[in-house]
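Student: The structure that follows is given in the form of structure tokens.
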Amino acid sequence: MRDKYDVLIVGAGLSGLYAAYNLDSRLSALVVCKRDLRLCNSNLAQGGVAAVLDTVNDSYELHIKDTMIAGGYENRPEAVEVLVKEGPDDVRRMIDLGAEFDMHDGELHKTLEGGHCRRRIVHHRDTTGEELMRTIIAATKDLPNVDIVENTSLAYLDEANNGYYATLLDGDGLHTVAASYVIMATGGIGRVYKYTTNSSIATGDGISIAYSLGAKIENLRYIQFHPTGFAGDNCRERFLISEAVRGEGAYLINCEKQRFMHRYDERLELAPRDVVSRGIILESRRTGSDKFYLDITHRDPAFIKDRFPMIYERCLSEGVDMTRDPIPVFPTHHYLMGGINVDLSSRTRINRLYAVGECAHTGVHGRNRLASNSLLEALVFGRRAAEDINRSFTDSSVCGKPPVHDIDGAPMPTGTRTAIRSIMQKCHFVLPNPEAARKYRPEVEDIAARLTNRKFMVTNDYLEARSLATIASIVLKEVSEPVSYTHLRAHETGA
């Protein structure tokens, strides 16, 4: 690791590494990975990548329409058009780099998920994210212009003339690195909730730090709760039962072992995720029970094991044989549609600061993400960030006095993160509760102020708690003060 880089990329999921891969080879880049390269939300993605790779049986117009419907027409149309029309080439490029997608009769196998009117989702069994991460790690790690450091966190980011000073925390303490450009690729906010499908590092760090710099944060209350998180234990990280299971014919059933989605939407189990999650919550209130199941036992056992090998093994480890037993499920936090506001080139309103992936608000998802559009967004807008830096880069040295931060301070009070999670679960779980948000917002804001303004020992636990408190305070502000956002064109949004 050097003292100065042209580009600092914070986060090593698919969007961050794909951005690094697409940077001009003349530009030096440092990719900061909070834990190890495999620990990220990208690696956990199961279903696949939605892309129009067959224009005979599908079309860009249909994919755009499905995306807009799922997003409640609060999407940015121009961003959706970029996603859908450019995405297929990025998928093909990943295939050229070695990504292996399932085949059927010599053609890419395409599956169906909720909200899609066509089979357009290519996949690697039920571990698509893991396969894409394997591919992009292999393509990026040996690039001579890219350094990757693991087990390193961004503690502080300070603006300087012509760039930034980043203070990084690793096992040896704090280190300062200068960079002309910064790309935030820090993923989601799942750990602000008690139960989530997200990895343990999803604490909203990039959003929190960008917010402190004055970046516009938009629609952080637009949180997707996946309807089918495995509900057999009390682990915080609930493994996902992919939407593709419903796409292959699984039924949702209630505590009486009866299908119920007909009461809430004509699309039944294949309605968009927010609709299905709301249906489960309303059915829970109707029956007085939180016992729900996903049943695919009517399909051939050999098909289930071949199509969903990872999910089958994970369920089996919990004592559920999905070829014979209904799978216990319940909504759980899954994905963030809002985030750091960016334009079509992934630029924030802060000079030389970009955001890509789940931490960014491109506007493609609107109120609710269409299944399997997230990996596509990571590729398209990760590449676009790199291309914009390639075009705009000027050879200039970061100047100004480097900031001084130290690691010493008081121990952080125990229970801080638990308190935040408990409040978020009460105030904004599937159906927002503005009254509860108004009640508990001052408590969360007080936690955020104390963590920001008082001197605590700088540890990973402290940094994550600081981020979670900031994220929670923004979400509760949006929930308690509902506003109607008009999604203007990218050049009018003040990204």
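Student: Find the relative contact order for the chain and round it to a whole percent, using C-alpha pairs within less than 8 Å whose residues are 6+ positions apart.
Tutor: Taking the mean separation of contacting Cα pairs over the length of the chain, I get 23 percent.
Student: Tell me, what is the FRET efficiency for residue 142 and residue 65 to the nearest 0.05, using R0 = 45 angstrom and their Cβ-Cβ distance as r? Could the numbers behind the result be given before it?
Tutor: Working: r = 41 Å, r/R0 = 0.92.
Efficiency, rounded to the nearest 0.05: 0.65.
Student: How do the peptides 406-417, 271-282, 6-17 rank, highest first, by the average count of neighbouring beta carbon atoms within 10 Å per residue?
Tutor: 6-17, 271-282, 406-417
Student: Starting from the eigenvalues of the Cα gyration tensor, five times each then square-rooted, give me the equivalent ellipsoid semi-axes of the stretch 313-400, largest first, whole Å.
Tutor: Gyration-tensor ellipsoid for the stretch 313-400: 40, 14, 12 Å.
Student: Moving on to the next point. Among 426/477; 194/426; 110/291; 194/291; 291/439; 194/216, which pairs are too far apart, with a Cα-Cα distance over 22 Å?
Tutor: Distance filter (> 22 Å) returns 110/291; 291/439; 194/216.
Student: Would you give the gap between the C-alpha center of the stretch 196-251 and the C-alpha center of the stretch 27-89, rounded to a whole Å?
Tutor: One Cα centre to the other: 16 Å.
Student: For residue 461, what charge total do you get from the other residues with a beta carbon under 13 Å from its beta carbon, if Lys and Arg give +1 and Asp and Glu give -1?
Tutor: +2
Student: Moving to a separate point now. Suppose R0 equals 22 Å; then what is the FRET efficiency for residue 24 and residue 161 from their Cβ-Cβ distance, rounded to the nearest 0.05?
Tutor: For R0 = 22 Å, the calculated efficiency reads 0.45.
Student: Between residue 292 and residues 5 or more places away or on another chain, which pairs have amide H atoms under 5 Å apart, with H built 1.01 Å from N, and which residues are they?
Tutor: Those qualifying (amide H under 5 Å, at least 5 residues apart or on another chain) are 329.
Student: Run the numbers for residue 267 and residue 291: contour at 0.36 nm per residue of separation, minus the present Cα-Cα distance, in nm. Intermediate results must be reported in sequence, preceding the final value.
Tutor: Working: separation 24, 0.36 × 24 = 8.64 nm, distance 2.18 nm.
Extra length from residue 267 to residue 291 when fully extended: 6.5 nm.
Student: Okay, next question. To check you understand DSSP bridge types, tell me what percent of the beta bridges within the chain (both residues inside) are antiparallel, rounded to 5.
Tutor: Rounded to the nearest five, the antiparallel share is 65 percent.
Student: Placing +1 at every Lys and Arg Cβ and -1 at every Asp and Glu Cβ, with all other atoms neutral, what dipole size does the stretch 269-353 have around its Cα centre, in debye to the nearest 20?
Tutor: Taking the Cα centre of the stretch 269-353 as origin, the dipole is about 500 debye.
Student: Let me ask another. Using a 7 Å offset from Cα along Cα-Cβ at residue 461, what residues in the stretch 194-234 end up with backbone N under 18 Å from the label point?
Tutor: 200-203
Student: With +1 assigned to the C-beta of every Lys and Arg and -1 to the C-beta of every Asp and Glu, and no other charges, what is the dipole magnitude of the stretch 326-404 about the Cα centre in debye, to the nearest 20? Numbers along the way, then the final one.
Tutor: Values: 9 positive and 6 negative charges, 33 e Å.
Its charge dipole is roughly 160 debye.
Student: If you don't mind, another one. For the chain, what is the calculated [θ] at 222 nm in deg cm²/dmol (nearest 500), taking -39500 (n - 2.57) for each run of four or more DSSP H residues and dividing by its residue count?
Tutor: So the calculated ellipticity at 222 nm is -11000 deg cm²/dmol.
Student: Out of every Cα pair in the stretch 1-144, what percent are spaced more than 26 Å from each other?
Tutor: 32
Student: I would also like to ask the following. How much length is gained if the chain between residue 305 and residue 118 is pulled fully straight, taking 0.36 nm per residue apart and subtracting their Cα-Cα distance, in nm to one decimal?
Tutor: Going from the current span to full extension adds 64.9 nm.
Student: Put a dot 7 Å past each Cα toward the Cβ at residue 439 and residue 107; how far apart are the dots in nm?
Tutor: Here the modelled spin labels are 5.6 nm apart.
Student: So, one more: Magnitude of the Cβ-charge dipole of the chain, K/R +1 and D/E -1, about the Cα centre, nearest 20 debye?
Tutor: Working: 60 positive and 67 negative charges, 262 e Å.
Its charge dipole is roughly 1260 debye.
Student: While we're here: Spin-label point model (7 Å from Cα, Cβ direction): what's the residue 446 to residue 387 distance in nm?
Tutor: Using points 7 Å along Cα→Cβ, the separation is 5.0 nm.
Student: Among 302, 429, 144, which residue has its Cα furthest toward the positive end of the charge dipole of the chain, with +1 on Lys/Arg Cβ and -1 on Asp/Glu Cβ?
Tutor: Farthest along the dipole direction, towards plus: 429.
Student: What spacing in nm lies between the two simple spin-label points modelled at residue 35 and residue 259, each 7 Å away from Cα in the Cβ direction?
Tutor: It is 3.9 nm.
Student: Sort out for me the Cα centre separation of the stretch 367-385 from the stretch 437-467, rounded to whole Å.
Tutor: Value for the Cα centre distance between the two parts: 30 Å.
Student: Calculate the radius of gyration of the Cα atoms of the chain to one decimal place, then report Dmax, the largest Cα-Cα distance, as a whole number, both in Å.
Tutor: 21.8, 67
Student: Continuing with this model, one more query. Can you give the FRET efficiency to the nearest 0.05 for residue 414 and residue 321, using r as the Cβ-Cβ distance and R₀ = 30 Å?
Tutor: 0.15
Student: Just name one of 315, 69, 98: the one whose Cα is farthest towards the positive end of the charge dipole of the chain (beta-carbon charges, Lys/Arg +1, Asp/Glu -1).
Tutor: Comparing the listed Cα positions along the dipole, 69 ranks first.
Student: Give the residue from 82, 153, 40 lying farthest towards the positive end of the charge dipole for the stretch 16-153; charges sit on Cβ (+1 for Lys and Arg, -1 for Asp and Glu) and the dipole is referred to the Cα centre.
Tutor: It is 153, whose Cα lies furthest towards the positive end.
Student: Let me ask something else about it. Aspartates and glutamates within cross-link reach of residue 141: Cα-Cα under 14 Å, excluding same-chain residues under 8 positions apart?
Tutor: Correct list for residue 141: 36, 150.
A short reminder: the numbers here are calculations on the coordinates, not readings from a lab. It should be emphasised that the depicted structure is a prediction, and the values quoted were computed from it without experimental measurement. All Cβ positions, glycine included, derive from the backbone under ideal geometry; neighbour counts span all protein chains shown.
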